[in-house]
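The values are calculated or read from the model by the stated rules, or taken from the named source; none is laboratory data. The structure presented is a predicted model; accordingly, all values stated were derived computationally and were not measured. Using ideal geometry, Cβ is built from the backbone for each residue, glycine included, and neighbour counts are taken over all protein chains shown.
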Amino acid sequence: MTSQPSAGRDGRPPAGEVGLRQLLESRNANQGQEWGGDSAPTEPIQVTPTRRATHRAAVERPKPPSRRPISGPPPRRLNPTVVKRAGLAVGAVLAVAGVGYAVDWMLSSGQVPRGTVVAGVDIGGLDTAVANARLRAELTPRADRELPLRIGDVQTRLVPSAAGLSVDWDGTWARVGGQPLNPITRLTSFFTTRHVAPASAVDDAALDGQLTALRVHDRPSVEGTIAFDKGTPVAVAPVPGRVLDVAAARAELIDRWIAGAALDLPVHPAPLTVRPEAVDQALREVAEPAVRAPITFAGKGASAKLDPEQIATVLSFAPDGRGGLALSIDQNVAVGLLAPQLAATEIEAKDATFALTGGKPAVVPAVVGDKINWPKTLEQFAGLLAAPQERTGQAVYEKMEPKLTTEAAQGLGVVETMGTFTTNGFSGPSGVNIKVVARKVNGAVVKPGDTFSLNDFTGPRGTAEGYVESGIIDHGRPGTAVGGGISQFATTLYNAAYFAGMEDAGHTEHSYYISRYPAAREATVFDGAIDLRFRNNTPTGVLIEAVTTDSEVTVRLWGTKTVNVESVTGERSKPTEPTTIKLPKGKDCIASEGAPGFTTSDTRIITDRRTGREVSRATRTVKYDPIPVVKCE
C-alpha cells in the first residue's frame, strides 16, 4: 500500500519530510557557496514517502545531484500565442519587403545602379542613355587636355590623345554593370557611393612613342672620380641618377590619365658603377702619389720635365668595370708637353733628292732619322707615377729610314729630260699662285708604277699655304677665288707629262678655250674637286722640275727617255656663238668681249726612241663652250 504525503495536524510537514528538506537546503547552501551564492542553479526535489525504512534510507542516502549542465535556468516553453503573433509579424515584414523589392526593381529598370560615380561624374539612378551622354560629354574632352606629369624633380606635360589614350566605352559600361540582384546591395545603395574607374583604350605604338620621348628626362648617374684642381687631386663623390620605369609609368598613365590630376611617374635609380669607397682608395693610393713630385725623361744631351700640375693634365680616371677606378694616361697630351723639350735631340729622316748641277740631275743623299719612340718611352710613365723618390725615365730612340734611300735614288735612272713644256702670259695674283705651287712640286719624284696627283701632292691651296685670290672660270664665266691661276701650272705639267710619254690617269679641260693654251691639250684643276693625274709607266723614276720667272713657268720631267711623242691638232668645227650676260657693276662682275665656241681634237702619237716603231696612237676630242659676253651695268 502506497502512502501519499500529507501535512500534519499543525500544518507542518511530516518529520521525515522536514528532515529531507533540511538536508536539501543544507546541500543547496553548500552549492551556493561553491557557485558564488544566489547565482547557483537549484532544482526542486519531490519525495514520496512510503515506508518508514524507505524514508530513513532516503534521509541517510540522499539522491545524487542532477547531471543537467549548470548553465542557467531551464528553458521555458514558448507561449503558442506569442509564437503565432511573431510569425505573422515577420511574414508581414517579408511580404512588404518583397513588394518593395519588386517595385524598386521595376522602377529602376533601364537605369544605372544607384550611387554609381565614374571618374568623378555621378550617374547613379540616371537612365542609361542619359548617363552615357553625360559621361561622354564630361570624359571625352579630357583626352585632349594637357596632363601634368612629374618625373623626379622635372615637371612636364602630356596630351592623352597624342599618347594614344582614350575612353573604352564598352569596357567602362561593362564595369558599371546592371541593376544588382542582391536585395542588401540594393538597400545599401540608397546611402552609399560606388566609384567605378573607366576603362582605357590604348594605341600601343603611340603610347610607347610618348614614353620613349619622356626618357629625355632620365638623369644618368654621375660616377665618382678624381679631379685635379691646379695639380691637387680632389675626390668627386658619385651622384645617383634616375631612369623612367617605363612599364610602371605605362600602367600609371593607362589607369589614371582620365582623372586629369598631376601624375608622379615612377622611376628607377640609375646604377652606379663606382663604389664610393673606391674613390677614396684611388685618391690615397694613386692620385696623391702621382703628383707628389716632378717626372723627368732624359734624352741625348737634354731632358724633359713635367711638374705636378702638368702631370695632372695627363691623368684621368674612369670606371674599371669592377666597381673601382682605373688610371688613364693621355699619351698625346704627354707627348705634347715632352716632345718640344727634346726636339733638338732628334734627327728627321730625309728622302734622297735630286739637284741639277751643270744641267744634269745629281742625287742628294738621304738622311737616316733618329727619333724618339714615344709609345715605348711612355711605357715607363705609370711606374714613375708610383715611384716614391727616383722619378726619372730614359727617352727611347730608334732609327728612321727614309722612304727614298740614297741607293734607291741612284738606281732610278734619272739621267735626262723626258719631256718639257713652258707657258707664259701671267702676272699679278696669278703669278703669285703659280710660283707657290711650282716651288711645292719642284723636286717631286714619281717611282716606277706610281701615280702622281697634283691635288694630293700639294694638299689644300688656301691663304695659310701662301695662295691669294685670283681669276678662275666659274660656271662658264670669269670669276675669282683663292688659288686662281693654278690651272696654268696644271696645263704646263700636263703637257710635260704628255711629251714624256706618261700615261694619262685623269684630267679635265677648261669649259671654254683660252688662247695661250694648246687646243684640246690643256688642263684645269680645282682644290678638292678637279684633279690632274698621270702614271709613271716606265721602268725608271721620274723627277719633276718646276721653275718660274716673272711671266712664265717651265716644267721638265727627268728620267730615262725611251719614246718620242708627237701631237697632231685637229681642225675646229661646229662653232657656237656666245650669249650676252648683263651684271651689276662691282667686284663680282668681270667684263668679257666673249668668243665663239668650237669642237676640236688632239692626237698623240708615241714611237719607240730607238727603233722609231709606233707604240700607240690616241685621239681626244674636246668641245669648248662659247665665252659669254659679260657687260657690267
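Screening Arg292 with (1) farther than 30 Å from Tyr397 by Cα; (2) in contact with a Pro (Cβ under 8 Å, 6 or more places away or on another chain); (3) at pLDDT below 95; (4) not acidic (Asp, Glu) gives one miss only, at (1).
Taking residues in the range 566-590 that are assigned by TED's automatic domain parsing to the domain that holds Arg521, and partners anywhere that are loosely packed, with under 13 Cβ neighbours inside 10 Å, the pairs with Cβ atoms closer than 6 Å and at least 6 places apart or on different chains are Lys582/Glu633.
Tell me yes or no: at least one residue of the range 579-586 is surrounded by 11 or more Cβ atoms within 10 Å (Cβ to Cβ) and not in a strand (DSSP E or B). Taking every residue of the range 579-586 in turn, at least one turns out to be surrounded by 11 or more Cβ atoms within 10 Å (Cβ to Cβ) and not in a strand (DSSP E or B). Scanning the range 510-543 for residues being in a loop (DSSP other than H, G, I, E, B) and among the β-branched types (Val, Ile, Thr) gives a total of 4. Ser221 passes every criterion in (1) of a type outside the set (D, E, K, R); (2) without any contact (Cβ under 8 Å) to a residue 60 or more places away in the chain; (3) under 30 Å from Arg114 (Cβ atoms) apart from (3).
Do we have Gly125 as at positive phi and either among the hydrophobic types (A, V, I, L, M, F, W, C) or part of a loop (DSSP other than H, G, I, E, B) (or both) here? Taking the combined requirement at face value, the residue satisfies it.
Those helices (runs of 4 or more DSSP H) of the range 399-466 in which 2 or more residues are over 22 Å from Ala505 (Cα atoms) and in contact (Cβ under 8 Å) with a residue 12 or more places away in the chain occupy 406-410, 428-441. Scanning the range 357-372 for residues that are of a type outside the set (D, E, K, R) and in contact with a Phe, Trp or Tyr (Cβ under 8 Å, 6 or more places away or on another chain) yields a total of 5.
Among the residues of the range 552-559, is there at least one that is of a type in the set (Phe, Trp, Tyr) and under 28 Å from Gln410 (Cβ atoms)?
So the first thing to find is which residues in the range 552-559 are of a type in the set (Phe, Trp, Tyr), and the list is 558.
Of the ones still in play, those that are also under 28 Å from Gln410 (Cβ atoms) are 558.
Yes, some residue in the range 552-559 is of a type in the set (Phe, Trp, Tyr) and under 28 Å from Gln410 (Cβ atoms).
Could you list, in sequence order, the residues of the range 380-397 that are under 17 Å from Ser303 (Cα atoms) and of a type outside the set (Gly, Ala, Ser)?
Gln380, Phe381, Leu384, Glu390, Arg391, Thr392, Gln394, Val396, Tyr397
Could you check the range 510-543 and list, in sequence order, the residues that are of a type in the set (A, V, I, L, M, F, W, C) and either in the same structural domain as Thr353 (by TED's automatic domain parsing) or crowded, with 21+ Cβ neighbours inside 10 Å (or both)? Across the range 510-543, the qualifying residues are Ala520, Ala523, Val525, Leu532, Phe534, Val542, Leu543.
Before we move on, is Arg620 at pLDDT 95 or above, more than 57 Å from the chain's Cα centre (by Cα) and in the same structural domain as Phe457 (by TED's automatic domain parsing)?
Taking the combined requirement at face value, the residue does not satisfy it.
Scanning the range 304-315 for residues that are in a strand (DSSP E or B) and surrounded by 17 or more Cβ atoms within 10 Å (Cβ to Cβ) returns Ala304, Leu306, Leu315. The residues in the range 615-630 that are in contact with a Lys or Arg (Cβ under 6 Å, 6 or more places away or on another chain), surrounded by fewer than 15 Cβ atoms within 10 Å (Cβ to Cβ) and touching a residue at least 24 places away in the same chain (Cβ under 8 Å) can be counted, and the count is 0.
On inspection, Leu532 fails the criterion of being more than 47 Å from the chain's Cα centre (by Cα) and among the aliphatic types (A, V, I, L, M).
One line per residue, one yes/no per condition, for (1) under 46 Å from the mean Cα position of the chain (by Cα); (2) not acidic (Asp, Glu):
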| site | (1), (2) |
| --- | --- |
| Asp450 | yes, no |
| Leu454 | yes, yes |
| Gly462 | yes, yes |
| Glu469 | yes, no |
| Val482 | yes, yes |
| Thr491 | no, yes |
